[in-house]
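The values are calculated or read from the model by the stated rules, or taken from the named source; none is laboratory data. Quick caveat: nothing in here was measured; it's all calculated off a predicted structure. Because the Cβ atoms are built from the backbone with ideal geometry, glycine has one as well, and the counts that use them run over all protein chains shown. Protein only, heavy atoms only, side chains kept; ligands, DNA and RNA dropped before computing areas. Shrake-Rupley method; radii C 1.70, N 1.55, O 1.52, S 1.80 Å.
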Amino acid sequence: MRRPLALALAACLLVAPGGAALADHDDWHEAVSLIGTPKYGDDFRHYDYVNPDAPKGGTLNQVSVGTFDSFNPFIVRGTVAAGLTPTGGLLYDTLMDQATDQAGTSYGLIAEAVRYPADFSSATIRLNPDARWHDGQPITADDVVWTFGVLKGTSPFWNQYYNHIEKAEKTAADEVTFTFDQARNRELPNIIGDMPVLPRHWWEGTGANGRKRDITQPTLEPPLGSGPYKIGAFEGGRSITWQRVADYWGADEPTRVGRYNFDQVKYVYFRNVDAVWEAFKKGGLYDFRMENRAQRWAQGYDFPAFQRGDVKKHTYLQEAGEPMQAFVFNTRRAKFQDPRVRRALTLAFDFESMNRTLFYGLYKRTDSYFEGTELASSGLPQGKELEILETVRDEVPPELFTEPFTLPVYEKPGDERTYLRQASQLLREAGWTPQGGRLVNEATGEAMSIEFLGNDPTDERVMLPYVNALRRLGIDARIRLVDTAQYQALTDNFDFDVVVDIFAQSQSPGNEQREFWGSQAADQPGSRNAAGIKNPAVDKLIDRVIYARDREELVAATHALDRVLLWNYYMVPQWHNPEVWIAYWDKFGIPEKQPAYIGVDTFSWWVDQNRESRVEVEK
């Protein structure tokens, strides 16, 4: 799961190195933090956990599932190759670089510094004079301005994310000023730094086919970039090799020193995760994996390479909080629009039995959209949170003021019968009654059917217990598995009943909440609002998060948003792993210390040639 863009966002006071709130906002700042003080000051040379002298060389072998047909991650169309993301990935650098070891903190990269007025109505970035494209040309203010327009015009994600940024203008040879459509939104100067910059001269040039390039279309022509890697050899849909840029302009930037040490990063594509697992056991194709199956972690590492010590397992702890992983109801469909139906379906989910029989008791139930952080709501609303909720009292479930939110807990033998009885009663109240073994809508005569959409055979393992429980309610519940490309197309166009989705949050939420839950995103193809939430109260609470005046208000507003989302039952929360499980072939040098915030930074690793020569891979 990719690290969320939101990790450096917040609606709270920007703070400069040294700890004091930025009193003179028009000063230039090379680092900004939205939670506390930047860890590193003017003497920042490299992260304190990296080996600044880590040797360069070797190949990191990785895998991906499915296929790819595009190197353009900024549009909805196409399936993007591994190594590319909407925030740039390995190919494009961003204006500022989000810290790996501290929440809500960014350091200069393409933009060496940022400044903004006291009312936060705009922000100006100053370009790093060393910043270069891979062809040696400098990254210019014109590139930044052009990129802003392109991202707003072609990417649903960036259009939402930069919704309140009206324009970008070149205001000096090396400066760009971003003007906002409002003042007092304290996160806007910070999220400017998350923007990848694209080479205007390349995208407006002529391709190898003799035609003018078009950034609104998928392409398999390797684009020009500015990041630590460039695209080397590739075979469409089957493999891609990223080549380290030997003269990478940012190699000596503090957030890059001691990182990106592999000469090559190679991804090979497989049809499904079972084939991926076999590739890992064999060696030579897949060097490390973040394990996400408790059964495998508990029992699966018994193959020869592990037994002889060539494969290692390690557990890391992380402090960034846990994502919301859930069965998401598509509320665009009439059968899911009544919250009583969604609550009934939530009652039918037995996590405890699954955790005991499938997950070896290793997982924890998720019960907040901001799990594991101070932003998670709990108990009854009080203080500032209650004050905020009072402004939407008539638009939210009244129970949230009088009852703590809880999920069903299947502990005793009779719990299943109890919760299914409660679910049946809620369904009756919503107009669905049992008729001849089926659940039928009294008004329309429609029988309730729910299709769970997945893209891998292993999805069936976690969906089936829930499907069986729904069938006991008279629901025609079934599972549909499709290939990766079809899954992407169906989910981009919201053509599903229920999917499993993951919403990774930060400790400083802001504009990205609109992309997750905002009404405007609900009908935008490719948006993250998978549930199709169109709720005026949610929109208002998102604004309270974005416009929070300080950390205290941000926490209270996020508590309120979390509570309202939970009580509307837009999705059935699943589970999370409180640890980071990683297994790897013993070919790496690994810094003893790893960043506690994200748990592990695998790009701080390097290939140890002596270790690599000793491991035995299958031929």
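Mind listing whichever residues of the range 575-599 are in contact with a Phe, Trp or Tyr (Cβ under 8 Å, 6 or more places away or on another chain), β-branched (Val, Ile, Thr) and at pLDDT below 95? If you could, list the steps in order and put the result at the bottom.
From the range 575-599, those in contact with a Phe, Trp or Tyr (Cβ under 8 Å, 6 or more places away or on another chain) are 575-577, 579-585, 588-591, 593-595, 599; that's our starting set.
Add one more test, that the residue is β-branched (Val, Ile, Thr), and what stays is 580, 582, 590.
The answer is Val580, and nothing else.
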Study note, to complete from the structure: Within the range 74-127, the count of residues that are part of a loop (DSSP other than H, G, I, E, B), under 15 Å from Pro189 (Cα atoms) and aromatic (Phe, Trp, Tyr) comes to 2
**Study point:** From Glu592, Glu616, residue being surrounded by fewer than 18 Cβ atoms within 10 Å (Cβ to Cβ), of a type in the set (Asp, Glu), touching a residue at least 40 places away in the same chain (Cβ under 8 Å) and not in a helix (DSSP H, G or I)
**Key:** Glu616
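Yes or no, residue by residue, for (1) modelled with pLDDT under 95; (2) under 19 Å from Glu374 (Cα atoms); (3) open to solvent by 10 Å² or more (accessible area, probe 1.4 Å); (4) under 19 Å from the mean Cα position of the chain (by Cα):
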position	(1), (2), (3), (4)
Val499	no, no, no, yes
Ala504	yes, yes, yes, yes
Glu515	yes, no, no, yes
Gln520	yes, no, yes, no
Gly526	yes, no, yes, yes
Tyr547	yes, yes, yes, no
Val564	no, yes, no, no
Exercise for review: Considering only residues that are part of a loop (DSSP other than H, G, I, E, B), within 27 Å of Val482 (Cα to Cα) and at pLDDT 95 or above, look in the range 43-73 and name the one that is most open to solvent (accessible area, probe 1.4 Å).
Suggested key: Asp69
Review point. Being surrounded by 14 or more Cβ atoms within 10 Å (Cβ to Cβ), among the small types (Gly, Ala, Ser) and either touching a Cys at 6+ places or on another chain (Cβ under 8 Å) or outside any loop (DSSP other than H, G, I, E, B) (or both), is that true of even one residue in the range 425-446?
Key: no
Exercise for review: Scan Asp263, Asp247, Asp287 and give me the residue that is of a type in the set (D, E, K, R), crowded, with 19+ Cβ neighbours inside 10 Å and under 23 Å from Ala54 (Cα atoms).
Suggested key: Asp287
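Do we have Ala298 as surrounded by fewer than 17 Cβ atoms within 10 Å (Cβ to Cβ) and small (Gly, Ala, Ser) here? Working first, answer last.
Numbers: surrounded by fewer than 17 Cβ atoms within 10 Å (Cβ to Cβ): yes; small (Gly, Ala, Ser): yes.
Spelling it out, Ala298 is indeed surrounded by fewer than 17 Cβ atoms within 10 Å (Cβ to Cβ) and small (Gly, Ala, Ser).
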Review point. So which residues in the range 199-232 are modelled with pLDDT under 95 and either outside any loop (DSSP other than H, G, I, E, B) or aliphatic (A, V, I, L, M) (or both)?
Key: Ala208
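Out of the residues in the range 139-185 meeting the condition of being in a loop (DSSP other than H, G, I, E, B) and within 22 Å of the chain's Cα centre (by Cα), tell me which one is farthest from Ala123 (Cα to Cα).
Start the filter on the range 139-185 by keeping residues that are in a loop (DSSP other than H, G, I, E, B), which leaves 139-140, 155, 162-164, 173-174, 181-185.
Retained after the next criterion (residues that are within 22 Å of the chain's Cα centre (by Cα)): 155, 162-164.
Values: Ser155: 22, Tyr162: 13, Asn163: 15, His164: 12 Å.
The residue in question is Ser155.
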